[in-house]
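Novice: Can you read through this structure? Questions will come right after.
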Amino acid sequence: MPKRYLYIWLRYLPTDRMTKLNPELRNMPFLLYAPEHGRMVIRAASPALVKEGMAPGMVVADVRAILPQVEVFPAEPEAEEKLLNKLAEWCFRFSPIVATNPPDGLVLDLSGCAHLWGGERPYLQTITTRLRKGGYAARAAIADTIGAAWAVARYGRQHSIVEPGTHRQALLPLPPAALRLDSATLQRLDKLGFRQIGQLTSIPGSNLRRRFGNNLLLRLDQALGTERELLKPIQATPVYLERLPCLEPIRTAKGIEIALERLLEMLCTRFFAEGKGMRTGILKGYRIDGETVQISIGTNRASRNAAHLFKLFELKIPELEPALGIELFTLEAPLVEDVSETQEALWGTGSNNQTAIAELLDNIAGKVGSKAIHRYLPQEHYWPERSVKEVGSLEEQPVTEWRTDRPRPLHLLPNPEPIDVMVALPDYPPLHFRHKNEIIRITRADGPERIEQEWWLQNGPPRDYYQVEDEKGARYWIFRLGLYNSGNPQWFLHGYFV
């Protein structure tokens, strides 16, 4: 089968990215700049700015002199490269072979793919329409060679399809810039009066090589197809999925368990080979009546211990309704993470406390739900509600130690709740306070402990905290915001001691 290539030119990729992040920039003239030889130079211009005659390579100061209202932003090459790679991965739904052509192009090998969309024209229109709906301006072309597709996409008619065997005729009227040449070579060609590729094909190759070097001949031969050009496709993110068809429909819990054990064995073998572990897993059963049933699990740390993962799934097997029978099982791991060799060596030895805790939490989460489990770490802040943070992984380590020199309540309210108090004298603890229409009489109190706000975050009055105890022995953490000699302070309940 002859090769066919699709080239997609994302002409405004950097500015399209900015527009998606800042919708108010749509239809506005703006540019992205980068320093070059001590000057700020345009790296990308929005469509509205291009219509004003501005283009990449111009000096930003000159553009501002002409258009003072132009918006200016620094270019972010790394973010643009990541976006191009993400779009390339998105194109895997249209072809298994996709390559990036930085900074703004994609190449797809569509050989054997276009018929699935009804032909090359619907194939091309589907891709460009979906890109346009996603906010990306795209020009595309299909040809027999990568070079011809690149040239026609950028210098030919929009969304062109070069019929098989006719790419030479499509290239001849295009300018030499369509051969992907460097600027120095293009300037020399322009001075010598070369305006079309067809003028170059009539000159012996030895003369072109002597005058312009090997690169011009290489690019010309690649575009014409006389020199082979290899793609360097990107690698798709691996999909961790195992399938197990059944000779007979499975209707019993025991049969489901056997199928699950085999799937876990296959998937964990792959995890061992690639140094990965499962964080989430989904077991699906495809019934003979056309319905699909599934159960899912989550782990606190990446695991490839098949026995442990089986226990987590086993708790949920009763939720699977086989009905007339399940004829196909699949086990997918949508979220995987790296597993260190040290971590793996300690599985099941009883010497790894973190692993034992992770297994215990996984088992508890399987019974009561993952939302019932919370882990907190200290943060370097004085304000109590900022001094702790909730984390979702056992792997994350604290950046500071828990504070133990001052008593802190076991239950800290996320937002302090206002209370009404009765105070004998300023700077004295309250005699009683009202919270949610309940009067709480205080028998013991300790404090105050003054906590100032972090000046680099916000300004405001200090807090004076008191530990108080009521008649029933319940203990509270309350504070006064502000001072009596500088206004009317407010009181708040912030936590409960146990």
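The values are calculated or read from the model by the stated rules, or taken from the named source; none is laboratory data. What you see is a predicted model, and the numbers here were worked out from it, not measured in a lab. Cβ placement follows ideal geometry from the backbone for every residue including glycine, while neighbour counts extend to all protein chains displayed.
Novice: When you check residue 107 against the structure, is it assigned to a helix (DSSP H, G or I), surrounded by 16 or more Cβ atoms within 10 Å (Cβ to Cβ) and at pLDDT 95 or above, yes or no?
Specialist: Working: assigned to a helix (DSSP H, G or I): no; surrounded by 16 or more Cβ atoms within 10 Å (Cβ to Cβ): yes; at pLDDT 95 or above: yes.
Answer is no for this residue.
Novice: Could you figure out which of (1) among the β-branched types (Val, Ile, Thr); (2) in contact with a Phe, Trp or Tyr (Cβ under 8 Å, 6 or more places away or on another chain); (3) in contact (Cβ under 8 Å) with a residue 40 or more places away in the chain isn't true of residue 42?
Specialist: Residue 42 satisfies all of (1) among the β-branched types (Val, Ile, Thr); (2) in contact with a Phe, Trp or Tyr (Cβ under 8 Å, 6 or more places away or on another chain); (3) in contact (Cβ under 8 Å) with a residue 40 or more places away in the chain except (3).
Novice: Mind telling me which of the residues 134, 118, 112 ends up being without any contact (Cβ under 8 Å) to a residue 12 or more places away in the chain and within 32 Å of the chain's Cα centre (by Cα)?
Specialist: None of the other options fit; the residue is 134.
Novice: Consider residue 412 carefully, then state whether it is of a type outside the set (Lys, Arg) and either part of a loop (DSSP other than H, G, I, E, B) or touching a helix residue (DSSP H, G or I) at 6+ places or on another chain (Cβ under 8 Å) (or both). Show your work before the answer.
Specialist: On the way: of a type outside the set (Lys, Arg): yes; either part of a loop (DSSP other than H, G, I, E, B) or touching a helix residue (DSSP H, G or I) at 6+ places or on another chain (Cβ under 8 Å) (or both): yes.
So residue 412 passes the test.
Novice: Hey, could you check segment 229-244 for residues that are touching a helix residue (DSSP H, G or I) at 6+ places or on another chain (Cβ under 8 Å) and in a loop (DSSP other than H, G, I, E, B) and say which is surrounded by the fewest Cβ atoms within 10 Å (Cβ to Cβ)?
Specialist: 237
Novice: Further, regarding this structure: Of all residues in segment 310-355, which are among the polar types (S, T, N, Q) and either modelled with pLDDT of 90 or more or under 30 Å from residue 287 (Cα atoms) (or both)?
Specialist: Hit for segment 310-355 is 330, nothing else.
Novice: May I ask you to list the residues in segment 433-464 that are among the polar types (S, T, N, Q) and either closer than 15 Å to residue 493 by Cα or at pLDDT 90 or above (or both)?
Specialist: Once the filter is applied, which keeps residues that are among the polar types (S, T, N, Q) and either closer than 15 Å to residue 493 by Cα or at pLDDT 90 or above (or both), segment 433-464 yields 437, 443.
Novice: Go through (1) polar (S, T, N, Q); (2) in a loop (DSSP other than H, G, I, E, B); (3) touching a strand residue (DSSP E or B) at 6+ places or on another chain (Cβ under 6 Å) one by one and return the number of the condition residue 27 breaks.
Specialist: (3) is the only condition that residue 27 fails.
Novice: Would you confirm whether or not segment 429-447 contains a residue that is touching a helix residue (DSSP H, G or I) at 6+ places or on another chain (Cβ under 6 Å), farther than 30 Å from residue 377 by Cβ and of a type outside the set (A, V, I, L, M, F, W, C)?
Specialist: no
Novice: What are the pairs, 6+ residues apart or on separate chains, where a residue within segment 295-312 that is over 18 Å from residue 273 (Cα atoms) has its Cβ under 6 Å from a residue that is in a strand (DSSP E or B)?
Specialist: Listed pairs, sorted by first residue: 295/283; 296/282; 297/281; 298/280; 299/279; 312/297.
Novice: Failed condition for residue 69, given (1) more than 23 Å from residue 222 (Cβ to Cβ); (2) buried (at least 16 other Cβ atoms within 10 Å of the Cβ); (3) in contact (Cβ under 8 Å) with a residue 40 or more places away in the chain, with all others met?
Specialist: Status for residue 69: all satisfied but (2).
Novice: If I filter segment 116-126 for residues that are of a type outside the set (Phe, Trp, Tyr), surrounded by fewer than 16 Cβ atoms within 10 Å (Cβ to Cβ) and within 18 Å of residue 15 (Cβ to Cβ), do I get at least one hit?
Specialist: no
Novice: From the list 285, 298, which one is farther than 13 Å from residue 240 by Cα, of a type outside the set (A, V, I, L, M, F, W, C) and more than 26 Å from the chain's Cα centre (by Cα)? Step through it out loud before you land on a result.
Specialist: Numbers: 298 fails: more than 26 Å from the chain's Cα centre (by Cα).
285 is the lone residue from the list that is farther than 13 Å from residue 240 by Cα, of a type outside the set (A, V, I, L, M, F, W, C) and more than 26 Å from the chain's Cα centre (by Cα).
Novice: While we're looking at this one, here's another question. Report yes if residue 135 is touching a helix residue (DSSP H, G or I) at 6+ places or on another chain (Cβ under 6 Å), exposed (fewer than 14 other Cβ atoms within 10 Å of the Cβ) and either of a type outside the set (Lys, Arg) or assigned by TED's automatic domain parsing to the domain that holds residue 216 (or both), otherwise no.
Specialist: Details: touching a helix residue (DSSP H, G or I) at 6+ places or on another chain (Cβ under 6 Å): yes; exposed (fewer than 14 other Cβ atoms within 10 Å of the Cβ): yes; either of a type outside the set (Lys, Arg) or assigned by TED's automatic domain parsing to the domain that holds residue 216 (or both): yes.
Against the criterion (touching a helix residue (DSSP H, G or I) at 6+ places or on another chain (Cβ under 6 Å), exposed (fewer than 14 other Cβ atoms within 10 Å of the Cβ) and either of a type outside the set (Lys, Arg) or assigned by TED's automatic domain parsing to the domain that holds residue 216 (or both)), residue 135 qualifies.
Novice: Which numbered condition trips up residue 423, out of (1) of a type outside the set (Gly, Ala, Ser); (2) surrounded by 14 or more Cβ atoms within 10 Å (Cβ to Cβ); (3) without any contact (Cβ under 8 Å) to a residue 12 or more places away in the chain; (4) closer than 19 Å to residue 379 by Cα?
Specialist: If we test residue 423 against (1) of a type outside the set (Gly, Ala, Ser); (2) surrounded by 14 or more Cβ atoms within 10 Å (Cβ to Cβ); (3) without any contact (Cβ under 8 Å) to a residue 12 or more places away in the chain; (4) closer than 19 Å to residue 379 by Cα, just (4) comes out false.
Novice: Test of understanding: among 477, 402, which residue is assigned to a loop (DSSP other than H, G, I, E, B) and either touching a helix residue (DSSP H, G or I) at 6+ places or on another chain (Cβ under 8 Å) or not assigned by TED's automatic domain parsing to the domain that holds residue 300 (or both)? Before you say what the answer is, go through the steps one by one.
Specialist: Values: 477 fails: assigned to a loop (DSSP other than H, G, I, E, B).
Going through 477, 402 in turn, just one is assigned to a loop (DSSP other than H, G, I, E, B) and either touching a helix residue (DSSP H, G or I) at 6+ places or on another chain (Cβ under 8 Å) or not assigned by TED's automatic domain parsing to the domain that holds residue 300 (or both): 402.
Novice: Could you list, in sequence order, the residues of segment 448-471 that are surrounded by 14 or more Cβ atoms within 10 Å (Cβ to Cβ) and in a loop (DSSP other than H, G, I, E, B)?
Specialist: 453, 461, 462
Novice: Still on this structure, please answer the following. Of the residues 309, 283, only one is crowded, with 20+ Cβ neighbours inside 10 Å, in a helix (DSSP H, G or I) and in the same structural domain as residue 329 (by TED's automatic domain parsing); which? Steps first, please.
Specialist: Working: 283 fails: in a helix (DSSP H, G or I).
Every option except 309 fails the conditions.
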